[in-house]
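A.B. asks: Structure in structure tokens, see below.
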2 protein chains.
Amino acid sequence: MTTVTIAILCGLLAVVYGIVTSQQVLRASAGNEKMQDIAAAIQEGAKAYLSRQYTTIAIVGVIVAIILAVTLGLTSTIGFVIGAILSGVAGFVGMSISVRANVRTAEAARGSLQGGLTMAFRSGAVTGMLVAGLGLLAISGFFWYLTGPGGHAPNDRVIVEALTALAFGASLISIFARLGGGIFTKAADVGADLVGKVEAGIPEDDPRNPAVIADNVGDNVGDCAGMAADLFETYVVTLGVTMVSIALLIRADAGELMKLMSLPLIVGGVCIITSVIGTYMVRLGGSGSIMGALYKGFGTSALLSVPAIYLATKMTLGDLNVPIGAPGFLDQASDALGGDLTDAAAAPAVTGVAFTGMDLFWCMMIGLVVTALIVWITEYYTGTNYRPVKSIARASETGHGTNVIQGLAVSLEATALPTLVIVIAVIAAYKLAGIIGIAFGATSMLALAGMVVALDAYGPVTDNAGGIAEMAGLPDDVRHKTDALDAVGNTTKAVTKGYAIGSAGLAALVLFGAYTTDLQTYFPDTQVDFSLSNPYVIVGLLLGALLPYLFGAFGMTAVGRAAGSVVEEVREQFRNNPGIMEGTSRPNYGRTVDLVTRAAIREMIIPSLLPVLSPILVYFIVSGVENQAAGFAALGAMLLGVIVSGLFVALSMTSGGGAWDNAKKYIEDGHYGGKGSEAHKAAVTGDTVGDPYKDTAGPAVNPMIKITNIVALLLLAALAGHVAG
Amino acid sequence: MTTVTIAILCGLLAVVYGIVTSQQVLRASAGNEKMQDIAAAIQEGAKAYLSRQYTTIAIVGVIVAIILAVTLGLTSTIGFVIGAILSGVAGFVGMSISVRANVRTAEAARGSLQGGLTMAFRSGAVTGMLVAGLGLLAISGFFWYLTGPGGHAPNDRVIVEALTALAFGASLISIFARLGGGIFTKAADVGADLVGKVEAGIPEDDPRNPAVIADNVGDNVGDCAGMAADLFETYVVTLGVTMVSIALLIRADAGELMKLMSLPLIVGGVCIITSVIGTYMVRLGGSGSIMGALYKGFGTSALLSVPAIYLATKMTLGDLNVPIGAPGFLDQASDALGGDLTDAAAAPAVTGVAFTGMDLFWCMMIGLVVTALIVWITEYYTGTNYRPVKSIARASETGHGTNVIQGLAVSLEATALPTLVIVIAVIAAYKLAGIIGIAFGATSMLALAGMVVALDAYGPVTDNAGGIAEMAGLPDDVRHKTDALDAVGNTTKAVTKGYAIGSAGLAALVLFGAYTTDLQTYFPDTQVDFSLSNPYVIVGLLLGALLPYLFGAFGMTAVGRAAGSVVEEVREQFRNNPGIMEGTSRPNYGRTVDLVTRAAIREMIIPSLLPVLSPILVYFIVSGVENQAAGFAALGAMLLGVIVSGLFVALSMTSGGGAWDNAKKYIEDGHYGGKGSEAHKAAVTGDTVGDPYKDTAGPAVNPMIKITNIVALLLLAALAGHVAG
């Protein structure tokens, strides 16, 4: 049995785990009739939204597929379609289990906190394992087919392009899903809060609020389906680009290359097993700490991954102390890795490109450490026990303005430690094994994706469960339990986003390495100057850095505008049907869901196309103004500009948003006057501001960065085809 | 008479204009006794703060001067001291005239709007002309001395380092002044608003508010003295680095070099004359538009500058169509400008380094166009007549949260057009005359500094005049007139900041060019790889990009914390002395001023040292971990990282803050319910958030960028000295 086959089996195991666990979830009681009614409305709305969203994306997808078929051929197009479809499936299945687990979690929480936790977490684990499992199946299955029945050598250009196209399919769907879902969920959330809590003075999740179902639908289509598509994309891109960079950079015989290229797959595979084991360790201890229970699961997976990765590496590569690659690798690699594409001697700062299997193992350990540190840093910045959240809560005492000022200060500050961690990881991994080392660091980060997504996807389920408990009039203690589960969800949601963007920070250099190598392959006669003294490099950096800002502006504006329409729609319902507020007549939930659906679909299109079209425009404009070499230089610099700026925009938005949300919860726990106090009102403002920050604009920056990079890679291939043809 | 002498005379003319105009201002009536009392309290507070601030800065300055004397010798130290002292003088004189013009503006506004406008603008013009005049005197006088009595060749290393040290002195003072003043003004403003308007329900500038004098002091020490020091710095650094890059990059005989190096000085000189003429054109037309009156002055200066710059260039260089520089310049320049320091052929994207005087003239026209476009874009994003501000005002209707969301969306979006303008200007100027072309573009932008600062410094005077009118109980129509003058001030303040940071965007490449050339001069044997594929370049970019975020976090936190202490202090005064609210006893204004003074001084120190120490740390750590070449690469990349990220942070903060402020004013003008409505309350929150954004963190990013760059240049010189010794 080959390594790739084992990886495929591990992917299948994840899918089996998903099916079995889904059935466990579905077997549980769905509560009384009222609860089921509410859940059915949420299900219906979520399904309706996702169908509309995927139909719209499909139109874009078909157009892109046709362009790919014409420019890059059939194999790449198939890769693109696989990536796109499975990304959609991951989101859809995640949503499907989530809208069924919500009501069952509310019901289970009537029994015990542990019951609610188990139900919500199992549902999250289904999504998590499917994201990792489908991601692994997509790459390893496609790779198996191409190198087996397809008859291609592992470093054949066809494989490089097909894997890139697969990643592109996943990314393109995920940016639409992340952004569309993000706009939906926050427009509904902000709109419902403004018109319900603030204007009408009714509590959150009050069934009299016509936007309340839309708000709950949003949790499922944004925080669950959108997030799942995003992490699927991150998984596929990271493993894919690791394999691509091995194919591009390492000069070895086919057997050696095959081993090395299947290493990311088997590492992904064994970590699915350790993640599955981890999911069974999520249990409340004596302290009753929910975060502690989740950490137990995460810690188990992470610790078991150390020996698992070691054994997988050993099994795949054999002797871990033998230098990797045939003679000549070093020249080739330093040639490709070192800045100057024409003269290896001009790249004196590049070192450490000769490496062993053991070096790769240590690089993967760096990835695990980075993941752990990002989890820890995110908890520090968004948890209610630490200075940042407390400082925002304290600032709420002096009003709305100081709450927001302190929240912005925290969001800016929260970028520092993750950046330092990434910088140190880049240097350490690079010293061990060059760019390939950085790629493996990113791979091992993503190998734990199943577990990380499980922790995240648990959040919207508990959020929904609380809403259902409120709307169905369940006893207060049920709501208390779901609230306790939900508070932890704010931190785990922030963790996933920090983790995804952190891995993008590591992967950026790998993607840029792939770009420069491809450039050398396709355009050997074009000498591109990537030096910082080249003004076109500066131009590229500035334009790249602009993208996350412009994208963020679009996202924030979209949420503001859509939330405004929700407010108007709800006001109209209240005006035309006074029975709603009296509780004698049912609001038209469907009309609000439909309104938000249309708004989200409309608003997601232009910003999602920004990262697709910008690299193409920059290349052609600069090439036209100056020459092709300048065009390539500006394009390459744009790729790094978008990560250098995107990393900070995304980290600040996701951490800041999480901190604002938990500062509100901290006050609701009875500090600074508790619920209803002036401080609480200020904290609600901060929470509202943080909503589109953390759930719309911030997280969508991650797929945006990837798309910009992948489009650049595909553009090179297409231009080369054009030049050759 | 040499060109340099003429420049010196123009500098003196500006000083004479300042003295004459000051006397005109001082001759005007200072109003009744009550007004004079209030003005005296503001004067006293401002003087007390600035003395404390300059004392503290002096300690840091003396330490730095000693370090410079040891590492770089006496001439550089003298340059540093001149830059530092004149930067301080520009701020101090600006503040001194401002605290005297405020009460006279209030008095003049009793007569007519034109009277108030003339008085406030004249005072602003004094500050503006002194900033430009002292800046020009500093560089041209020092350059004259060094090349004349000092006997140095114009491209002697001594001159390069002395001019760099002069810029460093100006920058170091200005970051302290910008940040300290910014913290003072916003802590007092936010604190006074929170405890007065929000808690006690008394109007802005009510004399019963113990923080009201501190608030008015803040306008003078932050928006006037801090701003003046900042623009002085920008002026000196831009002209200085243009001269330095000519000295470094152009191989010509001393006479040719002398001509070329004095061109920025004479351009600065003639533009002082056109600015002086422009100041006399600021008059209300038939429409009564205040912005129109200011534009008349600005437009006159800008238009007159076109022939003035042409004549100055023609007079200095002679035939404008002869290629500049001796034979061999091209090799040298392409060698120094092209990325690879060892092989000119490896820099194929670099073109257009052969240029004529006419090319330089066109580059300077580009600078004027950039200035005009930035003024226009800033007015679009911060003026009450356009979509962005109106969208924030409309979003205020649905609450505090949506106001802030829309404000953040506008702040993110506002970065796009200025970035595109800068990118196009960089490409155009570079194609005309390489890096020297970009440098001259930045120079002509700054040549108009006198006029731009005049427009800005007028703002705090009218703001203060309104406060004095309120406190002295002048008739309502006086306050209406000062309010109308003040509203325009919000836009002109935003313009100056966009202009300063925009010029920094242009100057960044020039500074980086100086860095790479210095590197080649001092360390000819160290081959530094500035390619984007070098991981230490990525590390440097990321760490550089982090600086504005961390700096912003410090600034925002400082304002929040200091404003909190103001709230507590005022609450205590109200509690211990109930007569204050009844109007029977006078609050202790001095104690609040003293509190804010101490807080601002304490909070400014660590963030101001961040850009001084970071480049040094990065160089030594990376050199230790890898090698010296990697250290230089990371340091160089850090310089660009800080501008790539700082440009966006600063533009978004300053435009967003201005938009929030004017959205409030737009509502106060009677839209969406006007003063006292719920929308107005939400708009006040947005204004509070925007305060530290636009007046503390955002503008201080500009000197921060310069300091990082200049410290790197001085570090190279110091290291070379160390190596040589």
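A.B. asks: Would you mind listing the helices (runs of 4 or more DSSP H) fully within the range A:387-471 where at least 1 residues are closer than 17 Å to B:V559 by Cα?
C.D. replies: The qualifying helices (runs of 4 or more DSSP H) are A:387-396, A:400-413.
A.B. asks: Let me ask something else about it. I need a count of the residues in the range A:404-433 that are without any contact (Cβ under 8 Å) to a residue 60 or more places away in the chain and buried (at least 24 other Cβ atoms within 10 Å of the Cβ).
C.D. replies: Of the residues in the range A:404-433, 3 are without any contact (Cβ under 8 Å) to a residue 60 or more places away in the chain and buried (at least 24 other Cβ atoms within 10 Å of the Cβ).
A.B. asks: Free of Cβ contacts under 8 Å to residues at least 24 places away in the same chain, aliphatic (A, V, I, L, M) and within 9 Å of chain B (Cβ to nearest Cβ), is that true of A:L546?
C.D. replies: For A:L546, the condition - free of Cβ contacts under 8 Å to residues at least 24 places away in the same chain, aliphatic (A, V, I, L, M) and within 9 Å of chain B (Cβ to nearest Cβ) - is not met.
A.B. asks: Take B:T516 and tell me if it is at pLDDT 90 or above and facing chain A (nearest Cβ under 9 Å).
C.D. replies: In short, no.
A.B. asks: Given A:V622, A:V612, which one is assigned to a helix (DSSP H, G or I), within 11 Å of another protein chain (Cβ to nearest Cβ) and not hydroxyl-bearing (S, T, Y)?
C.D. replies: A:V622
A.B. asks: I've got another one for you. It is to be established whether one or more residues within the range A:200-210 are assigned to a helix (DSSP H, G or I) and among the acidic types (D, E).
C.D. replies: There is no residue in the range A:200-210 that is assigned to a helix (DSSP H, G or I) and among the acidic types (D, E).
A.B. asks: Would you check if B:I67 is modelled with pLDDT under 95, part of a helix (DSSP H, G or I), within 25 Å of the chain's Cα centre (by Cα) and more than 30 Å from B:R27 (Cβ to Cβ)?
C.D. replies: Spelling it out, it is not the case that B:I67 is modelled with pLDDT under 95, part of a helix (DSSP H, G or I), within 25 Å of the chain's Cα centre (by Cα) and more than 30 Å from B:R27 (Cβ to Cβ).
A.B. asks: Failed condition for B:D529, given (1) modelled with pLDDT under 95; (2) within 25 Å of A:T415 (Cα to Cα); (3) buried (at least 24 other Cβ atoms within 10 Å of the Cβ), with all others met?
C.D. replies: Condition not satisfied by B:D529: (2).
A.B. asks: Something else: Could you tell me whether B:G407 is within 14 Å of another protein chain (Cβ to nearest Cβ) and either closer than 30 Å to B:A247 by Cβ or at pLDDT below 95 (or both)?
C.D. replies: For B:G407, the condition - within 14 Å of another protein chain (Cβ to nearest Cβ) and either closer than 30 Å to B:A247 by Cβ or at pLDDT below 95 (or both) - is not met.
A.B. asks: Considering each residue of the range A:631-681, count those that are farther than 24 Å from B:T415 by Cβ, of a type outside the set (D, E, K, R) and facing chain B (nearest Cβ under 9 Å), and give that number.
C.D. replies: 1
A.B. asks: Do we find that A:V423 is within 11 Å of chain B (Cβ to nearest Cβ), touching a Gly at 6+ places or on another chain (Cβ under 8 Å) and among the β-branched types (V, I, T) in this structure?
C.D. replies: Criteria not met by A:V423.
A.B. asks: Select, from B:R283, B:R251, the only residue that is in contact (Cβ under 8 Å) with a residue 24 or more places away in the chain, farther than 30 Å from B:I8 by Cβ, in a loop (DSSP other than H, G, I, E, B) and more than 14 Å from chain A (Cβ to nearest Cβ).
C.D. replies: Residue meeting the stated conditions: B:R283.
A.B. asks: Is it fair to say A:T382 is at pLDDT below 95 and either farther than 20 Å from A:V649 by Cα or buried (at least 20 other Cβ atoms within 10 Å of the Cβ) (or both)?
C.D. replies: It is true that A:T382 is at pLDDT below 95 and either farther than 20 Å from A:V649 by Cα or buried (at least 20 other Cβ atoms within 10 Å of the Cβ) (or both).
A.B. asks: Same structure again: Quick check: is even one residue across the range B:593-615 buried (at least 16 other Cβ atoms within 10 Å of the Cβ), among the charged types (D, E, K, R), within 30 Å of B:L543 (Cβ to Cβ) and at pLDDT 90 or above?
C.D. replies: Checked against the condition, which is being buried (at least 16 other Cβ atoms within 10 Å of the Cβ), among the charged types (D, E, K, R), within 30 Å of B:L543 (Cβ to Cβ) and at pLDDT 90 or above, the range B:593-615 yields at least one hit.
A.B. asks: Between B:R598, B:R602, B:R591, which is among the basic types (K, R), part of a helix (DSSP H, G or I), farther than 24 Å from A:G399 by Cα and away from chain A (no Cβ under 11 Å)?
C.D. replies: Sole residue among the options that is among the basic types (K, R), part of a helix (DSSP H, G or I), farther than 24 Å from A:G399 by Cα and away from chain A (no Cβ under 11 Å): B:R602.
A.B. asks: Please work out which residue is farthest from the chain's Cα centre (by Cα), limiting yourself to the range A:389-403 and to residues that are crowded, with 24+ Cβ neighbours inside 10 Å and of a type outside the set (S, T, N, Q).
C.D. replies: Among residues in the range A:389-403 that are crowded, with 24+ Cβ neighbours inside 10 Å and of a type outside the set (S, T, N, Q), the one farthest from the chain's Cα centre (by Cα) is A:G399.
A.B. asks: Out of B:T105, B:T77, which single residue is in contact (Cβ under 8 Å) with a residue 60 or more places away in the chain and surrounded by fewer than 22 Cβ atoms within 10 Å (Cβ to Cβ)?
C.D. replies: When all the criteria are applied, what remains is B:T77.
Yes/no per residue for (1) crowded, with 24+ Cβ neighbours inside 10 Å; (2) in a helix (DSSP H, G or I); (3) among the small types (G, A, S); (4) modelled with pLDDT under 90:
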site: B:G115; (1), (2), (3), (4): no, yes, yes, no
site: B:V126; (1), (2), (3), (4): yes, yes, no, no
site: B:G135; (1), (2), (3), (4): yes, yes, yes, no
site: B:A162; (1), (2), (3), (4): yes, yes, yes, no
site: B:R178; (1), (2), (3), (4): yes, yes, no, no
site: B:V195; (1), (2), (3), (4): yes, yes, no, yes
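A.B. asks: Additional query: Looking at the range B:360-377, can you tell me whether even one residue there is touching a residue at least 12 places away in the same chain (Cβ under 8 Å) and either within 11 Å of another protein chain (Cβ to nearest Cβ) or within 30 Å of A:V195 (Cα to Cα) (or both)?
C.D. replies: Scanning the range B:360-377, I find no residue that is touching a residue at least 12 places away in the same chain (Cβ under 8 Å) and either within 11 Å of another protein chain (Cβ to nearest Cβ) or within 30 Å of A:V195 (Cα to Cα) (or both), so the answer is no.
A.B. asks: Just a yes or no: is a residue in the range A:332-349 at pLDDT below 95 and away from chain B (no Cβ under 14 Å)?
C.D. replies: Yes, some residue in the range A:332-349 is at pLDDT below 95 and away from chain B (no Cβ under 14 Å).
A.B. asks: Would a scan of the range B:568-577 turn up a residue that is aliphatic (A, V, I, L, M), within 14 Å of chain A (Cβ to nearest Cβ) and buried (at least 24 other Cβ atoms within 10 Å of the Cβ)?
C.D. replies: For the range B:568-577, residues aliphatic (A, V, I, L, M), within 14 Å of chain A (Cβ to nearest Cβ) and buried (at least 24 other Cβ atoms within 10 Å of the Cβ): present.
A.B. asks: Can I ask one more? As an exercise: evaluate A:M1 against (1) in contact (Cβ under 8 Å) with a residue 12 or more places away in the chain; (2) surrounded by fewer than 17 Cβ atoms within 10 Å (Cβ to Cβ); (3) not in a helix (DSSP H, G or I) and give the number of the one condition it does not meet.
C.D. replies: Going through the list (1) in contact (Cβ under 8 Å) with a residue 12 or more places away in the chain; (2) surrounded by fewer than 17 Cβ atoms within 10 Å (Cβ to Cβ); (3) not in a helix (DSSP H, G or I), A:M1 breaks only (1).
A.B. asks: Scan the range A:679-714 residue by residue and report those that are over 24 Å from the mean Cα position of the chain (by Cα) and either aliphatic (A, V, I, L, M) or modelled with pLDDT under 90 (or both).
C.D. replies: Selection gives A:A679, A:A682, A:A683, A:V684.
A.B. asks: What's the number of the only condition in (1) within 14 Å of another protein chain (Cβ to nearest Cβ); (2) at positive phi that A:G151 fails to meet?
C.D. replies: (1)
The values are calculated or read from the model by the stated rules, or taken from the named source; none is laboratory data. Being a predicted model, the structure only gives us computed values, none of them experimental. Glycine also receives a Cβ, built like all others from the backbone with ideal geometry; neighbour counts cover every protein chain displayed.
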